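Q: After the structure tokens below, expect a handful of questions from me.
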Amino acid sequence: MVLGELLIVLVATGVVAGLSLATWLVFVRSAVPARITVGGRSVPVAPTYAVFPSAVRLHAVFQHHLAASRCVYVFGGDHLGLESEAPVRLGRPLAADHLPGVTLSAGLPEDSGSFYAAYADQLGPEKASAAPGEFTVLVFGPRSGMLAPLCLVQVEQVEASVKDGYGGFARYTVHTVRLWDADGTAECYAFAEPAARRSAFVGAMHTWYRYSPAGGASEEGPAVALFPDPWLWAGSRAEPGETGAFSRFGYLLCLNP
């Protein structure tokens, strides 16, 4: 009799635990949906595998062009160690939505700011304002016997508020990465992450060998570019002594590889 009562208690406890777990999962899924709609576009919410294959394809094309590159310019991001009077435009990515055609009549300047100043009419406008995680990478290499643009990659970041189903709004950061190349390839991946959660750093950090604010000779060093990674547990933190979440798409981009 005691054994029968014990089995009944165990079964009842299991049912209650299962219902509690199901309720908790429903709450979590409703609090952090699998996808959101921003500006009429549906994007998955990180961490997500849904767009990871698209990210891998884009970076495979990007790496292919980097391997053949002669010159790589990074526009936007932070410039480490520059004086406060450094031009504001150094922190602005391009506003391009395609691979521009550039004839290198003025040669290859030793920094991205001077390159833009020399070829602004061919590159198009800069973004009037840019989020901290936005930047542009323009890759040059041999094509048809001359140096020409091989690919352009745009990394964009916008903040969005979406109805949360409880009468309020939830804030998200939407990351979009686009690539266009001279072969006609166009790749893209996009995802969102809750703004309250912080995942790995996204953005570009420039270094300098020398810089002349007066317009003299300047020489830019490598830029570290960290692209958005959709398959991270946003906000995760490692235990002491462990490596935390980090982007799998990080590059050290030298001006002249």
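Q: Taking the Cα-to-Cβ direction at Tyr49 and at Ala117 and moving 7 Å from each Cα, how far apart do the two end points lie in nm?
A: 5.0 nm
Q: Around Asn256, under 12 Å between beta carbons, what's the net of Lys plus Arg minus Asp minus Glu among the other residues? Intermediate results must be reported in sequence, preceding the final value.
A: Values: positive: Arg70; negative: Glu110, Asp111, Glu219, Glu220.
That works out to -3.
Q: How large is ³J(HN,Hα) for each residue in the range 217-222, as worked out from phi by the Karplus curve 6.51 cos²θ - 1.76 cosθ + 1.60 (θ = phi - 60°), to whole Hz, x for Gly and Pro?
A: Values, residue by residue: 5, 10, 9, 8, x, x Hz.
Any read-out appearing in this document is the output of simple, stated calculations on the displayed coordinates, not a laboratory observation. Quick caveat, the model's predicted, so the values are computed rather than measured. Positions of Cβ are generated from backbone atoms using ideal geometry, with glycine treated the same way; all protein chains shown enter the neighbour counts.
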